[in-house]
Every structure is written in C-alpha cells, then in structure tokens.
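Any read-out appearing in this document is the output of simple, stated calculations on the displayed coordinates, not a laboratory observation. Predicted model, so just to flag it, every value in this text is computed and none were measured. Note that each Cβ is placed from the backbone with ideal geometry, even for glycine, and that neighbours are counted across all protein chains shown.
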Amino acid sequence: MNQDYRTPPDKAGMERIEHKIRFTGTLGLVLFAVAVGLAYLLLPAFIGFPLELAERLAFAARASAVVLFCVLVAVGMVATIRRYSPEDIGGSAAGPPSEKLAIYVAFLQNTLEQAVLAVGFYFAFASLVVGAWLSLIPVSAAFFVVGRILFLRGYRRGAEGRALGMVLTMMPAIVGYPVVFILILTNAIGS
C-alpha cells in the first residue's frame with residue numbers, strides 16, 4: 001500500500017516504510033558497489049583519467065556541472081509553475097506554495113542539498129586519487145541524475161516512493177566521504 005506524501009502514516013505504516021527504506025538502502029549500496037567495480041574495470045578503456053591535480057580537479061568540475069544542471073532544471077520547473085500560477089506568482093515570501101507547486105519546491109530544496117554534498121565529494125575525492133579510481137566520479141554523477149528523476153517521479157507516493165531516488169542520489173556521498181576522510185588521514189600520517 002502506497003502512502004500519499006501528505007498523509008502521515010500510522011504506526012503500522014511507519015514500520016512498513018522503515019523496512020522499505022532499509023531494503024532500498026541496501027539495494028542502493030549493492031547497485032553502487034557493482035557500478036563502481038564495473039566502472040573501475042571498464043572505463044579506463046574509454047576514458048583517459050587525468051593524473052595531474054589541476055586536470056583531476058577539472059574532471060571533478062565537469063562532473064559537478066552535471067549535478068548543477070539538475071539544480072538548474074529544478075529551478076526552471078519551480079519558476080515555470082510560479083509564472084503560470086496565480087497562487088504562487090508572489091514567490092515564497094507571499095505564502096506557502098500551492099499544492100501544484102509544493103512537490104517541485106521540495107524537489108528543488110532537496111536537490112540543492114544533495115548537490116552541495118555531491119560537488120564537495122567530487123572535488124575532495126579528485127584531489128586525493130588518480131587513475132581508474134576517478135571512475136567513481138562519473139558513476140556518482142550518473143547515480144545523481146537517475147536518483148533525482150526517481151525521487152521526483154516517486155514523490156507523490158510518499159517516503160516509499162521517494163526512497164530509491166533518495167538512496168541513489170546520496171549513496172556516492174554516503175560511501176565517498178568516509179573514503180575521503182580515510183585518504184586524508186592516510187596521507188597525513190604518511191607525510
């Protein structure tokens with residue numbers, strides 16, 4: 001049974017939703033691990049990964065442009081709906097969004113939050129690794145795009161509907177930031 005995004009679940013519904021989110025989290029982790037493994041093995045045949053720091057950071061910037069394009073699309077959706085909606089034309093300061101706009105505002109806010117995490121990860125990771133390890137960045141950008149699409153498409157079905165999109169969007173950062181911190185500590189100890 002799918003929960004509408006506006007209806008709070010009862011106790012039994014919360015347990016089902018929490019189970020679904022845990023399952024989706026595990027699925028997202030497995031999908032990400034498989035995608036990273038395949039990319040690490042296969043992408044070097046198609047992409048010459050940069051070795052120098054400036055080139056690695058440029059590589060991260062190009063992947064970040066994909067993520068920021070998702071933010072641009074979300075801004076465009078909100079702006080377009082506002083422009084044609086008498087209830088929303090006044091902007092955020094004029095009152096809460098109409099039902100027609102509410103999901104898109106939530107999508108934009110969440111996409112902005114996820115973009116900050118993703119872009120920070122791409123640059124930090126690119127500053128620490130070379131070669132095929134950089135394949136994690138394009139995989140992460142692809143997961144971001146697919147995750148955002150699934151998140152928006154599933155939003156009306158509540159937390160269960162958003163779960164896979166959210167997990168795919170966040171999984172690279174969830175896995176990546178601990179790796180970045182380990183690499184930072186390893187480099188600091190090794191210096």
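By how many degrees, 0 to 90 and rounded to 10, does the Cα axis of helix 99-126 deviate from the longest principal axis of the chain?
That works out to roughly 10 degrees.
Taking Rh as the Kirkwood radius computed over C-alpha pairs, what is the Stokes-Einstein D of the chain at 25 °C in a medium of viscosity 0.890 mPa s, expressed in µm² per second?
Diffusion coefficient, whole number: 135 µm²/s.
Name the residue farthest towards the positive end of the dipole of the stretch 11-190 from the options G120, C70, I137, assuming +1 on Cβ of Lys and Arg, -1 on Cβ of Asp and Glu, about the Cα centre.
C70
Percentage of Cα-Cα pair distances in the stretch 120-191 greater than 16 Å, rounded to whole percent?
54 percent
For helix 11-42, what angle does its Cα long axis make with the longest principal axis of the chain, in degrees from 0 to 90 and rounded to 10?
30 degrees
Relative contact order for the stretch 71-191: what is it in percent, counting Cα pairs under 8 Å that are at least 6 residues apart?
22 percent
What is the order of M14, M170, M77, fewest Cβ neighbours within 10 Å to most?
The fewest-first ordering by Cβ neighbours comes to M14, M77, M170.
Please give the calculated 222 nm ellipticity per residue for the chain, where each DSSP H segment of at least 4 residues contributes -39500 (n - 2.57) and the sum is spread over every residue; nearest 500 deg cm²/dmol?
When only DSSP H runs of four or more count, the value is -27000 deg cm²/dmol.
Measuring from label point to label point, each 7 Å out along Cα→Cβ, what is the R157 to A45 span in nm?
Going from the R157 label point to the A45 one covers 3.5 nm.
Just to check, using Stokes-Einstein with a Kirkwood Rh over alpha carbon pairs, what's the diffusion coefficient of the stretch 99-147 at 4 °C and 1.567 mPa s in µm²/s?
Reported coefficient: 106 µm²/s.
Evaluate the charge dipole of the chain about its Cα centre and quote only its size in Debye, nearest 20, assuming +1 on the Cβ of each Lys and Arg and -1 on the Cβ of each Asp and Glu.
320 debye
Would you tally the net charge around G154, using a Cβ to Cβ cut-off of less than 9 Å, leaving G154 out, and scoring K and R as +1, D and E as -1?
That sum, taken over residues with Cβ under 9 Å, equals +3.
List the GluC sites (Glu not before Pro) within the stretch 1-94 that DSSP assigns to loop and that have no more than 10 neighbouring Cβ atoms inside 10 Å.
Here the sparse-neighbourhood loop sites are E52.
Quote to one decimal, in nm, the extra length available between A61 and I184 on full extension: 0.36 nm per residue of separation minus the C-alpha distance between them.
Residue separation times 0.36 nm, minus the Cα-Cα distance, leaves 42.3 nm.
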